[in-house]
Amino acid sequence: MNYFYEEDFYHEPSEFEMKMNELKESLLSSVKEEYVAEMNRLKKENQELQIIKVNFENIKNDYRKKRYELDCERQELKRKIRKERLSELMKDFEVTMYRADYELIEQPKCNKCNAQRKIEYLTPLGKTAYETCDCAEKEEFFIPKEFICHEFRMNNDGNNILAWYKSRESCGEDYFTHEISTFAKTIYNSGMDFEKLDRWDTFFKTKEECQDYCDYMNKNNIE
């Protein structure tokens with residue numbers, strides 16, 4: 001029986017085989033280094049892209065904020081321009097006018113009633129009852145009231161300007177109010193007959209002229 005030993009199959013690698021093995025090792029090492037380098041490059045590039053993405057989002061948010069601020073500033077500027085333009089236009093007209101208004105004042109108390117201005121009496125059934133005294137009725141007393149022009153426009157033929165006024169206490173900073181405006185149908189001029197004036201539609205350019213008209217109304221007990 002023949003026996004074979006490992007030594008019988010072993011042989012020294014040739015120079016060619018050694019060179020091939022070295023080449024294989026070199027190629028594997030080269031590929032591995034290129035793979036690691038590529039992975040590191042991609043990792044670095046991804047990190048840079050993440051930074052760019054974050055910066056881009058910040059830029060977009062900053063842009064939205066600036067655009068909103070600019071829109072607010074633009075609206076505020078437009079509001080100021082409208083207000084200044086309105087104020088400038090109003091300078092060509094009588095912005096402040098006066099109209100006869102009234103306030104209710106109490107009459108002097110008489111000696112027929114009690115402190116509440118009630119007169120006590122007995123009914124036919126003998127019950128105590130009270131009646132409001134005539135002196136409790138308040139009287140109208142006319143005074144000048146200040147009005148501000150808040151709206152005006154040309155009439156249909158374009159030859160005259162029509163103006164509407166509201167009381168000063170009802171006018172805000174922007175001439176806006178819910179109170180119904182009054183059309184200035186008549187603007188008083190010196191020499192007009194007080195008797196022929198409609199007190200609701202007549203406006204006066206000065207407080208003194210309006211006071212004269214109020215004095216006339218109070219003196220003649222005109223309602």
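Rule-based calculations on the coordinates, nothing more; no lab input. All figures in this text were calculated on a predicted structure; none of them were measured in a lab. A quick note on method: Cβ atoms are made from the backbone with ideal geometry, for glycine too, and the neighbour counts reach across all protein chains shown.
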Once Thr132 and Arg74 are pulled to full extension, the length gained, defined as 0.36 nm per residue separation minus their Cα-Cα distance, is 14.7 nm
Please work out how much length the chain gains when fully extended from Asp62 to Asn111, using 0.36 nm per residue of separation minus the C-alpha to C-alpha distance, in nm with one decimal. 9.6 nm
What is the set of long-range amide H partners of Phe183 at a cut-off below 5 Å, with H atoms built 1.01 Å from backbone N? Tyr165
What's the extension gain from Arg82 to Leu49 if we count 0.36 nm per residue and subtract their Cα-Cα distance? 7.0 nm
What ranking, highest mean first, results for peptides 137-145, 59-67 when packing means the other Cβ atoms within 10 Å averaged over each residue? 137-145, 59-67
